[in-house]
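Following: one structure in structure tokens, then a few remarks.
Only the coordinates and a few stated rules stand behind these numbers; no lab work does. The structure displayed is predicted, hence computed values, not measured ones. Cβ placement follows ideal geometry from the backbone for every residue including glycine, while neighbour counts extend to all protein chains displayed.
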Amino acid sequence: KKKPADFDPTMVAYWEKGERVPFLFLSMAFDLISNEKGRIVITDIVCNMLRTVIDFTPDDLVATVYLAANKIAPAHEGLELGIGDASIIKALAEACGRTEPQIKSAYKQKGDLGLVAQASRSSQSMMRKPDPLTVVKVFDSFRLIAKESGKDSQEKKKNRIKALLVAATDCEPLFLIRLLQTKLRIGFSEQTLLAALGQAAVYNEIHSRPPPNIQSPLEEAAKIAKQVFSILPVYDKIVPALLTGGVWDLPRTCSFTPGVPVGPMLAKPTKGVAEIVNKFQDIDFVCEYKYDGERAQIHYMENGSVEIYSRNAERNTGKFPDVVSAISRFKKSSVKSFVLDCELVAYDRVQKKILPFQILSTRARKNVVVSEIKVDVCIFAFDVLYLNGQSLLHEQLKVRKERLYDSFEEEAGFFQFATAITSNDLEEIQKFLDAAVSSSCEGLIIKTLDRDATYEPSKRSLNWLKLKKDYMESVGDTLDLVPIAAFHGRGKRTGIYGAFLLACYDETSEEFQSICKIGTGFSEAQLEERSSSLRSKVIPEPKSYYCCDIKPDVWLETSEVWEVKAADLTISPVYSAAIGIVDPAKGISLRFPRLVRVREDKTPEQATSSEQVAEMYNAQKHNQTNNEDDGEDD
Ligand code: ATP
């Protein structure tokens, strides 16, 4: 069994067996983690903390895991805290008997409301001490806060936050506030949490023994926990199953379920047709049109109900009532349930042609009424993940395609299969790419058919390659980046921002790393629009999780994701992207970045990762030689 390091408070339960887990216990674990850098040590701390909860109060494991993931529900349920800084400031002022201006000025100084809360609470004495917070109390309050709606909802939310703050002691206020802001950011990712969860079950010898032939049970347990979460991202299901059957049983007890979306499989960029033919020399592959619309996972349940989920597992059913009402028309009568992976694309049914993404983005996002729809969409189906009660994720694409073609019927302009060819002839593929582009597609997606061709949820796999028409003239793929700061405009841009500082996201350290300054690619109207949307996001100091050596005019809270095209990537002494991956001390920056569009479907944490930036840099030819940046901005 694992021994604690010298002294590890996460191994010491100071409450009675069966009693609720104190929130302070979890906060102490957060505090320990925030002082560590190494992934192995952090995994151990989380694992120890979970083991203690499993030993003493297993009933609280679901709430503990949710809070550690900084979530209150599975993504597809769409339950969000929805609290702005203003409500927190109000609650904080009331909880510690200070005024709002006092809290605001402390915030300005410290740049972190969590730290303000911590300092304010410890300076306050209480006549009557409220009951100590428990993990379940905090989790339940968070869910109630999220569910408040209607006229007085802001006031009610504030009062609930206040009640929590009044009861918080020690380091609890700091983590309470960060959790409320959904910015825990103590340097551990959900993947680490899952690994720790799998390992905790092994250490605590829950139920089953490891199956035979497993070399490293801990590694295997971590892998299983991550895999199971990728096909059923619901802790309310996984945690109880883990507690009763152990980790080895999870793949059997927690399987892909219609109504719960899986993360979509993603593609890696490739530079040209020659590279594809080279990469897939002895492997059969299919080339498909890459449609420029919105990724959708359509779930059709046995009772006839339909749900549509976005790339982010958001419930988009209310946005596409036309798709919902039409979908049953395209399935053959033998089909009772299915999950389709497809792209919804704006379509002109009179001219019989695909319309650009910009047209699709003019559709309303919520509560759309069929009779008011002005932009029609066609479903371009390219995969089926579930059919008649059976998950097809483990099947090769060749089999999934056959099932797709056998189970649905096309209707032009409403439901079509993605146009595809199987060929390994360079010229033929080049022609197909040209045809895709002239049909208003972005390029091609190339997928392995019968080797390494299972569906890998949420993975950016080498078994799916994307080839975009404009790769040849730029870096390769576009990047999705987050504005973290801005510069005041001059001349005719006076009064708005003239340029922005963009960052990629490092998944391991949970940092936003600066990558370039951008001031081109905007129309004046766009610049004004972005400026006014970001003006409300100004913060006094850079966040502790910004990795950036540049001094802008104003710092911004992360909120938007911008798709950006660039001429190339260079090693830079000034920018921090992917620092330590390609060069030990220098980062990577973009030359001549131009704004393509705002990505409404991505959150800042889904921005291009520093690992992807490093991969793009490495893929660039001749990068070792004459490509060193002199530190000047473009
Ligand atoms: P990411 O790779 O991060 O998803 P992205 O959202 O910018 O980046 P791209 O990398 O440009 O998307 O391409 C992948 C997307 O292409 C898919 O998520 C899907 O929405 C779309 N797509 C269009 N046609 C297809 C197809 N035939 N097969 C798979 N995906 C397709």
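Counting beta carbons within 10 Å around each of PHE23, PHE320 and listing the fewest first gives the order PHE320, PHE23.
The overall shape of segment 237-354, judged from the alpha-carbon gyration tensor, is oblate: a/c is not under 1.5, and a/b is no greater than b/c. Length gained on full extension, THR494 to GLN390, computed as 0.36 nm times the residue gap minus the Cα-Cα distance: 31.4 nm.
DSSP assigns beta bridges within segment 456-590; of those with both partners inside it, close to 95 percent run antiparallel. Taking a ≥ b ≥ c as the square roots of the eigenvalues of the Cα gyration tensor, segment 292-420 is prolate, since a/c reaches 1.5 or more and a/b is larger than b/c. The value given for the chain is a Kirkwood hydrodynamic radius of 26.6 Å, derived from the mean inverse Cα-Cα separation.
Rounded to the nearest 20, the Cβ-based charge dipole of the chain about its Cα centre (Lys and Arg +1, Asp and Glu -1) stands at 1580 debye. The Rg/Rh ratio of segment 389-514, with both radii computed over alpha carbons and Rh defined as the Kirkwood radius, is 1.11. Straight-line cross-link partners of LYS492 among the lysines, defined as a Cα under 22 Å from its Cα and at least 8 positions apart when in the same chain: LYS517. Which of rounded, prolate or oblate describes segment 64-197 when judged by the alpha-carbon gyration tensor and an a/c cut-off of 1.5? It is prolate, given that a/c is not under 1.5 and a/b is the larger ratio. Take the Cα of LEU266, go 7 Å toward its beta carbon, and the backbone nitrogen atoms of segment 295-315 under 11 Å from that spot belong to 312.
Ordering of 189-199, 279-289 by packing is 189-199, 279-289, highest average first (other Cβ atoms within 10 Å, averaged per residue). Excluding same-chain neighbours fewer than eight residues apart, the aspartates and glutamates reachable from LYS551 by a Cα-Cα span under 17 Å are GLU541, GLU632, ASP633, ASP634.
When each of the peptides 234-241, 88-95 is scored by the mean number of other C-beta atoms lying within 10 Å of its residues, the order from highest to lowest reads 88-95, 234-241.
If you model segment 10-130 as an ellipsoid using its alpha carbon gyration tensor, with each semi-axis the square root of five times an eigenvalue, the axes come out at 29, 18, 17 Å, biggest first.
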